[in-house]
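Only one structure is covered here, and it is reproduced in the block below.
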Amino acid sequence: MLVALKKILTLPVASLLDRVEVDSKTQSRLWILMSIGTLLLSGFFSVIIVLGRAPIISELISDPLFAKRGLVVHVDLALLIWIYAFLCGLFVLVPTRKNGNRLLPMGYALAVTGVGMLVASIFVPSAEPVLSNYIPVLDHPLFIGGLLFFAGGVACTVFNTRIIPSSNQSSFTTNTIFPASSIPGFRSAAVILLISLITFFSSWLVTPMGLEVLTYYELTIWGGGHLLQFVNVAAMLSVWIILLGELLGKNPISYRVSAVLFGIYTLPLLAAPLLTMNGTGDLLYHWGFTRFMQWGIFPVVTIFVGIIVTKLVRARANNELPKQILRNPYFGGLVTSMLLTIIGFILGAMIRGSNTMVPAHYHAAVGGITVAFMAITYFLLEVHGVPIPKGRLKKLAAIQPLLFGLGQAIFAAGFGYAGAHGLARKSFGSEQHIGSIEAFVGLGFMTVGGLLAVSGGLLFLWIVVKAWMNRKNSPFQSNP
């Protein structure tokens, strides 16, 4: 009888496991669709932010919480959901051993539930906006639960056999969609993501509950938030390699060189959770993660920029680049992403206090990541059997990364210029004080750049939606 009962209890589990062994491309399409949908929502809320900062118009907004709630939603959709949903869409295409897809449907379901909870929490009157660094939040269980659900979904997607290097590296050249040298970057991103989740948990454990709400979230998020930037950059570098590989028509960088560079990039971060051992109010916690950010990212990124520029120059000299390369979205996305990243480094080095130079820095940095992801989307559409149709849509796809990148660069430059002349960050509407003509001019440029960037983002969404609508097969069907 016990044996029969055991069979009855285990049968649904076995049946479920058999059914969830799904095609990686299907899961990739689902994650990409989620990321693009959340980017659309983020763009909507970014209009609110731009108008809340614009001269004259900002004076008409009497309730600063209106723009602050929009800021929380915008930042979390643009910096968390869009980026990590897209990363999952890329990561599931990394070659894996058998049964590497078992948790993917559950991960996606958790993530969708989390996003729904985040959006629903906007309509909760008691959800107080907290503009903490890296991850602004609405102080309400529904919003926090949404973040946890989404994090759980991402964890189920990236923590599987794909994270483990294969002893047979030759399989990459025959079984992967991406260049072999891009794979270490995706694995690096997954490992650092695991470290960041451990850091978030340990920070939560050691942070006292009785603190003022902004201080509590600031301390809890500070460490893990810094590490998430390393995840973002690792993913961006892998995308750079893929774009370069498409331009050159071959694996552009030695797998060994790539693995060594990403190893150097990742190894110091293994000690990051230890910075919480004295508590989140200790100088070690704040100072340590600040130093990680200052010195941990730009050296390896600079090396990759040098390698990529050298490869492009040599290919140009040898006539190995595609004809009309300036009309190629891969080239536009790659170059624009590198330029925005460099601008982000420069603005970051200029930060002196809490002013709008800080958001100018991370808007440039995140803009570099976003435009790289936009460019690689056109490649992924082809992978999923939905290529951009030739003609007008193809031409628009070529200029779209340039339009978005130009807008983001002007936005960051204007915001940074206003910050250099004393404009405080995290102030909106009637509480924003423009004390100089320089700050006014900076905000004017910021507004123009923001509108250009939004236009580039909307153009991207229109191109992608148009391509999906013109597809021959359903996006939820596996391609042969």
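Across region 439-465, the residues whose backbone nitrogen lies under 20 Å from the label position 7 Å along the beta-carbon direction of ARG327 are 460, 463-464. Go ahead and run the numbers for FRET between LYS250 and MET277, Cβ-Cβ distance against an R0 of 35 Å, rounding to 0.05. Calculated value: 0.15.
Relative contact order for region 92-247 using alpha-carbon pairs under 8 Å, separation at least 6, rounded to a whole percent? With pairs under 8 Å counted, the relative contact order is 27 percent. Fully extending the segment from MET106 to GLU320 would add 72.6 nm, taking 0.36 nm per residue of separation and subtracting the current Cα-Cα distance. Count Lys and Arg as plus one, Asp and Glu as minus one, and take only other residues whose Cβ is under 14 Å from that of ILE242; the net charge is then 0. The ranking of MET106, MET209, MET34 from fewest to most other beta carbons within 10 Å of each one's beta carbon is MET209, MET106, MET34.
Where a number appears in this text, it was derived from the coordinates with a stated rule and is not lab data. Because the structure is a prediction, the values reported are computed rather than measured. Cβ coordinates were reconstructed from backbone atoms using ideal geometry, including for glycine residues, and neighbour counts include every protein chain displayed.
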